[in-house]
Amino acid sequence: MNRCLGMTSTKIGVGVLLLGVAALMTGCTTNQFVSGTDTLPVSGAAIQGMVHGGQNPVVGATVQLWAVGSGSYGAAATKVGSSVQTLAGGTFTLGAYTCPSSSALTYITASGGNPGLGTGANPNIMLATALGACGTLNAGTFIMMNEVTTAAAAYALGQYFTTTFGSASSDSFGAPATAQAQTGITNAFATVNNLVCGVSTNTLCTSATGNALTTATLTGSAGTVTVTPESAKLNTIADILAACVNSAGGTAGDPSACGQLFAEVATTSGTPPTDTLQAAVYMSLNPTSTNGNSTFPSACTAPPSPALPTPNNLCALYNLISSTPPFTAGSQPTDWTLGIQYTNATVLNDPQNMAADASGNIWVINHNGTTSASLTELIGSGGGTAQPGTPQVNVSTIGGQSISIIQPRNEAIDTNGNVFLDTTSSSRVLEYNATTPANSVSLSPAGGGSPYGIAIDGNNNVFYTHESSSATATVEEFLNDTLSATSEVEYAVDATSNQPEYAAIDTSGNLWMANGSATSGDETNILQMSGYNGSTACTVFPCVASTTGDTTLTQTYTQITGGTGSVPTLSEPWAVAAGPGGVVWTANVTGNAVTRMTSTTAGVNYGSATSLNKPEFIAVDGAGNVWAVNNTSSPGSVSEFVGTGSGVGTVLSPLNTGNSPFNVIGFSHAGIATGEGIAIDPSGNVWVASQVASTGGVFELVGAAAPTVTPISLALKNGSIGAKP
């Protein structure tokens, strides 16, 4: 077992056999690929399936089994066995083939063919189904390929698709041969089974293959959750693809269904897709694209102009759906993001914060007032017959301390997979030892007060900030991943900020603190602490900083008090997050802005009341983009901004245009309500802690962000903040 990456020997997902992948993940402090033992080719049994365009069989389509590429994102895949043609009824049988290894991740495609035209074929057809590990395929495996399975694969795996559009020969899924990149794509394959019944080995499905999954129960060692994907929205995307599939095809810009589809999802460079898989991937990666051809008919009334993002192409795409769609479509969406909701009033009870570990497992704090708080792990790669989202750990006692009544607030994860919490009502700091729970620690730090913010640097030094309205606030540093009185360093916080509630470490090792309380008088500044030397200066613990007599410890403070953007000052800043190049971001709750800061700037604000609505928690993905969860009732939302480059601050999520149904802010979903936490995993999934219908829950935006190195401490160590694994 290698728990430093959040993995146990039981974490083997449906269709995602992790033989060898576990062996890849042998280091806690690097992100390097280590060759596994599962490298021998294995013979595969004949498998059968069917290809449909909507409800019509596709005859004469070319069916090919593929193993994902390695070396880069979207690397060329490898053909597994020979291709075959679909017969009458759209059926096919793949004969003997040889897998590169039993753990090699596989998918299958069907290109071209006649979808019931009478004569001829549609060259724009490209349908796909994500299968998982090659070793799980057997003579009893039955595969359906249609628009629903294609859309599910495109959304879960879109971050791993080739970046080249325009040629069907370039269609490919692949990932770099680094440990966490392989973890990300493995988990992404498992997520497909939470969306669609594409293959008979998916034990979550009770309906016929080829249909969207509507609901399922996930049971793990820590309890049960209900998984509810947005099946109507998945069907809507599939119906749009079906308009092209069930036709003679076309070229971008012509009046055909394919021509309109490709024109509306053309890339920013103007290169349109040439097949339906490319179109589905582009919809997933550009859910509010503004590049559509607005000359095509739109079903929307008086779309605003100009507006960014414009709903014109959203309407035109939705208008492609047939009057008798093959799948049960939903209503006109405000964007093309696709989500999955996980709920259970016991296991996910009033979630307040969350973080992802190196295996993509999501650790959720269940705050629930003062009655039944706990820490829950939702696994990222499945366990036994489980799927991502299955509860693996649920604890209410850490280090002998019951957390059910002491209000845990924030969390951070070190490079060894240990989870650190604080509790505001008992002045306790906690370490949950994920490898050996019996070695977990509960400690009352010397600084007293109310521990609130947590940050861990790349050397596993753990920092806690203390909120106090009546005493001098402090920062406690615990050295080298050790939560004990003999590793504690205490710093007095600058008197101008006496209630630091959230914390982050930047890429230069500076500690940033934000005060999210609107009643303390400090809600208009961010404090940066630099120059501390706690990792080497102490010989007697607890060490006390120079302000109380120890001259070997020095630190300086810099206040960030305003900006030059649309909101000129900070206004109730909450969570902070590190970006690349020493940048730190915070979310302004009452200012409806995200603020970009460095140690040498006063801060620049981006956003307004049309793009943000009470943002509280914030995260940076592997492209350096910034995600903020809006703390509003259902339907809630998350907003995304460009975080780096010449377009920094550009809004990528919907703006409130004032025109129904486009009068929403951010990526809006009914499964999000009163968002209280956000995390991005190595697959690019965006997870939101959400108080849903007063029962609590977690919502996952599938593949919406760039894959991200997790935990943050590992990204800091590897210099990969704002970079893909």
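The values are calculated or read from the model by the stated rules, or taken from the named source; none is laboratory data. Fair warning: this is a prediction, and the values are worked out from it, not measured in the lab. Note that each Cβ is placed from the backbone with ideal geometry, even for glycine, and that neighbours are counted across all protein chains shown.
Report whether or not ALA156 is closer than 28 Å to THR91 by Cβ and either hydrophobic (A, V, I, L, M, F, W, C) or in a helix (DSSP H, G or I) (or both).
Answer is yes for this residue.
In region 623-643, what residues are within 17 Å of GLU700 (Cβ to Cβ) and either surrounded by fewer than 24 Cβ atoms within 10 Å (Cβ to Cβ) or not assigned by TED's automatic domain parsing to the domain that holds GLY582 (or both)?
SER634, PRO635 - these are the residues of region 623-643 that are within 17 Å of GLU700 (Cβ to Cβ) and either surrounded by fewer than 24 Cβ atoms within 10 Å (Cβ to Cβ) or not assigned by TED's automatic domain parsing to the domain that holds GLY582 (or both).
For residues that are surrounded by 16 or more Cβ atoms within 10 Å (Cβ to Cβ) and without any contact (Cβ under 8 Å) to a residue 40 or more places away in the chain, scanning just region 315-334, find the one that is nearest to SER637 (Cα to Cα).
Here the answer is CYS315.
Return the pair list, or none, for Cβ contacts closer than 6 Å from residues in region 406-433 that are on the phi > 0 side of the Ramachandran plot to residues that are in a strand (DSSP E or B), at least 6 apart or on different chains.
GLN407/THR423
Quick one: count up the residues across region 219-267 that are modelled with pLDDT of 90 or more, of a type in the set (Asp, Glu) and out of contact with any strand residue (DSSP E or B) (no Cβ under 8 Å at 6 or more places or on another chain).
2
Scan region 197-241 for residues that are polar (S, T, N, Q), part of a strand (DSSP E or B) and crowded, with 19+ Cβ neighbours inside 10 Å and report the count.
2
Looking at ALA619, is it at pLDDT 95 or above, surrounded by 17 or more Cβ atoms within 10 Å (Cβ to Cβ) and of a type outside the set (Val, Ile, Thr)?
yes
Out of all the residues in region 255-267, which are out of contact with any Phe, Trp or Tyr (no Cβ under 9 Å at 6 or more places or on another chain) and outside any helix (DSSP H, G or I)?
Result: SER256, single match.
Select from region 413-432 the residues that are under 29 Å from the mean Cα position of the chain (by Cα) and farther than 21 Å from ASN718 by Cβ and write down the one among them that is surrounded by the fewest Cβ atoms within 10 Å (Cβ to Cβ).
Restricting to residues being under 29 Å from the mean Cα position of the chain (by Cα) and farther than 21 Å from ASN718 by Cβ, the top hit is THR424.
Out of GLY534, GLY549, GLY565, GLY521, I need the residue that is in the same structural domain as GLY643 (by TED's automatic domain parsing), at pLDDT below 70 and in contact with a Phe, Trp or Tyr (Cβ under 6 Å, 6 or more places away or on another chain). Which one?
Answer to the check: GLY565.
Would you mind finding the one in SER653, SER683, SER646 that is surrounded by fewer than 20 Cβ atoms within 10 Å (Cβ to Cβ) and assigned to a loop (DSSP other than H, G, I, E, B)?
SER646
Give the number of residues within region 590-612 that are crowded, with 22+ Cβ neighbours inside 10 Å and not in a strand (DSSP E or B).
Residues meeting the conditions: 6.
For region 347-373, what are the residues that are among the small types (Gly, Ala, Ser), modelled with pLDDT of 85 or more and either surrounded by fewer than 24 Cβ atoms within 10 Å (Cβ to Cβ) or in a loop (DSSP other than H, G, I, E, B) (or both)?
Result: ALA358, SER359, GLY360.
Please give the number of the condition SER83 fails out of (1) in a strand (DSSP E or B); (2) more than 34 Å from the chain's Cα centre (by Cα); (3) at positive phi; (4) of a type in the set (Gly, Ala, Ser).
It is condition (3) that SER83 fails.
Suppose we filter region 410-428 for residues that are modelled with pLDDT of 90 or more and outside any loop (DSSP other than H, G, I, E, B); how many remain?
7
Among the residues that make up region 703-718, is at least one of them without any contact (Cβ under 8 Å) to a residue 24 or more places away in the chain, over 20 Å from THR415 (Cα atoms), among the hydrophobic types (A, V, I, L, M, F, W, C) and out of contact with any Leu (no Cβ under 6 Å at 6 or more places or on another chain)?
no
In region 319-346, which residues are within 19 Å of ASN194 (Cα to Cα) and part of a loop (DSSP other than H, G, I, E, B)?
Hits for region 319-346 are PHE327, THR328, ALA329, GLY330, TRP336, THR337, LEU338.
Restrict the check to region 433-451 and report whether at least one residue is in a strand (DSSP E or B), buried (at least 24 other Cβ atoms within 10 Å of the Cβ), hydrophobic (A, V, I, L, M, F, W, C) and modelled with pLDDT of 90 or more.
no
Just to verify a result, which residue in region 111-135, among those that are part of a strand (DSSP E or B) and among the hydroxyl-bearing types (Ser, Thr, Tyr), is nearest to GLY158 (Cα to Cα)?
Here the residue is THR129.
Return yes or no: is ASN193 within 19 Å of the chain's Cα centre (by Cα) and not hydrophobic (A, V, I, L, M, F, W, C)?
So ASN193 passes the test.
What number of residues within region 380-409 are at pLDDT below 90, assigned to a loop (DSSP other than H, G, I, E, B) and not small (Gly, Ala, Ser)?
Total meeting the criteria: 6.
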